[in-house]
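For reference, the structure is listed below as structure tokens.
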């Protein structure tokens, strides 16, 4: 009797595995990912069915439909806000063109704007000091979005700063990711709400997606009064200030923006806020001109018709003629990005990539190790940062372009996460980023192709096995 029940259960699991495999064939974004899921679901449904429930879906109808219906409308509202037809109000500076990055703007239905002042923050202390100062000066509204908010020392400093401005009559809108901030206690959120702060968590909010670990909102955005904006790699937690060993000191980068590009940060936040609440957050036109930099806000995600994050990196790397320096905590590139890096080497471009020497996710670290080895064989110079964990997401192109944002070089950022970055064309800002990266490379050790050969055979097998999990890393 027991044997019969076990056989029936096994048969049911295999049937369910076949149905799930059919779903994977139809919906997984890459052929490699579909093949990996199908193989596991058909042969080992006992092991793969539950992970597929959490990680298998590659799209979700609700947000996609809303995003595509509302994107044009939000863009129109953004343009109306940026060009107010009111007496005595100067129009925003017209979009500027840069043929190297025009394709990115057309793909994202966005524009590069001149007249921005840029501020580089090379560590968490400097970044949060500037963000707290901006929040303290808020007069009308604060729009805040983090992937992770912790109820720790920094998280409580953040809540106090927001509650203080809310008490002064400033409208505060806070968005956090439901998975990234899974440990955030309800008491933290309720305290903010009791103080007049509008706070919500981002979730895809569809019954078939309620178990999904994909489609995370990985963006980090702060906009104050439509005048000042911030974007980068930092979340609101003590580890981002280097307060939690063994990964400390934590190496991260954020940036501030003042000028016309802030309107695009507002628009991106507004789309996410509307999805969660059904309402538009406050907004106002940004200053016409605060500096000389041209900035393009690059917002990507799984609701886009194209794999926009991967295409963004590919086009940006193709644009390089002198150098491409990249820092990323997770180096698991897809074929398009890896191919762009190799072609850049053949063009004579100085291609360098900085990655951690310490793992925070061991499987990703192992896959990154194998890709780093293969990159060195292709002529890419790979470096491992020694003092602590490097979490910054920065790219320097030639002498005038610097990108700071939330995007990693992995499948999650390319296809599964909502991401954001600022692509900035300005020689002075690029020089600051160059000086920062020169210091980072000086604190790193270059990866040697022989490092892989020195590993034991079983260690090398483990690296190759880890890479099989590319689709979900």
Q | Equivalent ellipsoid semi-axes, the range 88-202, via Cα gyration tensor eigenvalues times 5, rooted, Å | A | 31, 19, 15
Q) Hey, rough spin-label estimate for residue 133 and residue 164, points 7 angstrom out along Cα→Cβ, what's it come to in nanometres? A) 1.4 nm
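Could you give me D for the range 176-306, from Stokes-Einstein at 20 °C and 1.002 mPa s, where the hydrodynamic radius is the Kirkwood radius over C-alpha pairs? Units µm² s⁻¹, please.
The diffusion coefficient I find is 127 µm²/s.
If you average the sequence gap of Cα pairs under 8 Å that are 6 or more apart and divide by the length of the range 308-472, what percent do you get for the contact order?
Details: 296 pairs, mean separation 45.3, N = 165.
Computed value for the range 308-472: 27 percent relative contact order.
What's the FRET efficiency of residue 346 with residue 2 using the Cβ-Cβ distance as r and R₀ = 60 Å, to the nearest 0.05? Intermediate values should be presented prior to the final figure.
On the way: r = 63 Å, r/R0 = 1.05.
According to the calculation, E is roughly 0.40.
Would you please put 397-403, 188-194 in order of how densely packed they are, using the mean number of other Cβ atoms within 10 angstrom per residue and starting with the highest? Let's see the in-between values first.
On the way: 397-403: 21.4, 188-194: 15.6.
Ranking, from highest mean packing down: 397-403, 188-194.
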(Q) Can you give the FRET efficiency to the nearest 0.05 for residue 288 and residue 377, using r as the Cβ-Cβ distance and R₀ = 60 Å? (A) 0.75
Q.
What are the equivalent ellipsoid semi-axes of the range 239-371, built from the alpha-carbon gyration tensor (square roots of five times its eigenvalues), in whole angstrom, biggest first?
A. 30, 22, 18
(Q) Report, to one decimal in Å, the Kirkwood hydrodynamic radius for the range 411-469 based on all distinct Cα pairs. (A) 15.7 Å
(Q) Once you place label points 7 Å from the Cα toward the Cβ at residue 468 and residue 335, how far apart are they in nm? (A) 2.0 nm
Q: For residue 187 and residue 434, compute 0.36 nm times the residue count separating them, minus their Cα-Cα distance, and round to one decimal in nm.
A: 84.6 nm
**Q.** Estimated inter-spin distance, residue 427 and residue 103, nm [label 7 Å along Cα→Cβ]
**A.** 2.7 nm
Q) Based on the Kirkwood radius over alpha-carbon pairs, what is the Stokes-Einstein translational diffusion coefficient of the range 308-472 at 37 °C with 0.692 mPa s viscosity, in µm²/s? A) 206 µm²/s
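Since every read-out is calculated from the coordinates, none of them should be taken as a lab result. On a predicted model such as this, the values are computed, not experimentally measured, just so you know. For neighbour counting, all protein chains shown are included, and Cβ atoms are generated from backbone atoms with ideal geometry for every residue, glycine included.
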